[in-house]
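**Student:** One structure is given below, represented as structure tokens, and several questions about it will come after.
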Amino acid sequence: MNERVTVEIDAETLAAARDAGMDLSALLTGAIRRHLPQLSAAERAQAAQQWYEDNKEAVDAYNEMIDAHGLFSDGVRTF
């Protein structure tokens, strides 16, 4: 849910941001989230879970292939 807020910014900065094509709403949202780590951490976790769910079939197939055949570098790595 989005809410409308009022933010004050000097005219020169606003003009420069508009000229640069900046999305001020997205920029402000991103800046606030970077300063609230618990919010961005929760969003990252949710995005990671969604990515895994979207790609689960491919991830499982890859893991099965590695289990069956090993990694391509198994015979050459020294660690």
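The values are calculated or read from the model by the stated rules, or taken from the named source; none is laboratory data. Computed from a predicted model, the values in this text were never measured in an experiment. Every residue, glycine among them, receives a Cβ derived from its backbone with ideal geometry; neighbour counts consider all protein chains shown.
**Student:** Could you check, for region 5-18, whether at least one of its residues is of a type in the set (Val, Ile, Thr), touching a residue at least 12 places away in the same chain (Cβ under 8 Å) and exposed (fewer than 10 other Cβ atoms within 10 Å of the Cβ)?
**Tutor:** The answer is yes, given that some residue of region 5-18 is of a type in the set (Val, Ile, Thr), touching a residue at least 12 places away in the same chain (Cβ under 8 Å) and exposed (fewer than 10 other Cβ atoms within 10 Å of the Cβ).
**Student:** Another question, then. Would you confirm whether any residue within region 39-57 is over 14 Å from the mean Cα position of the chain (by Cα), modelled with pLDDT under 85 and surrounded by 10 or more Cβ atoms within 10 Å (Cβ to Cβ)? Spell out the reasoning first.
**Tutor:** Residues of region 39-57 over 14 Å from the mean Cα position of the chain (by Cα): 53-57.
Narrowing further to those that are modelled with pLDDT under 85: none.
Scanning region 39-57, I find no residue that is over 14 Å from the mean Cα position of the chain (by Cα), modelled with pLDDT under 85 and surrounded by 10 or more Cβ atoms within 10 Å (Cβ to Cβ), so the answer is no.
**Student:** Consider GLU64 against the criteria (1) under 23 Å from the mean Cα position of the chain (by Cα); (2) charged (D, E, K, R); (3) surrounded by 10 or more Cβ atoms within 10 Å (Cβ to Cβ): it satisfies all of them except one. Which criterion is unmet?
**Tutor:** (1)
**Student:** Next up: Between GLY21, GLY75, GLY30, which is of a type outside the set (D, E, K, R) and surrounded by 11 or more Cβ atoms within 10 Å (Cβ to Cβ)?
**Tutor:** On the way: GLY21 fails: surrounded by 11 or more Cβ atoms within 10 Å (Cβ to Cβ); GLY75 fails: surrounded by 11 or more Cβ atoms within 10 Å (Cβ to Cβ).
After ruling out the rest, the residue left standing is GLY30.
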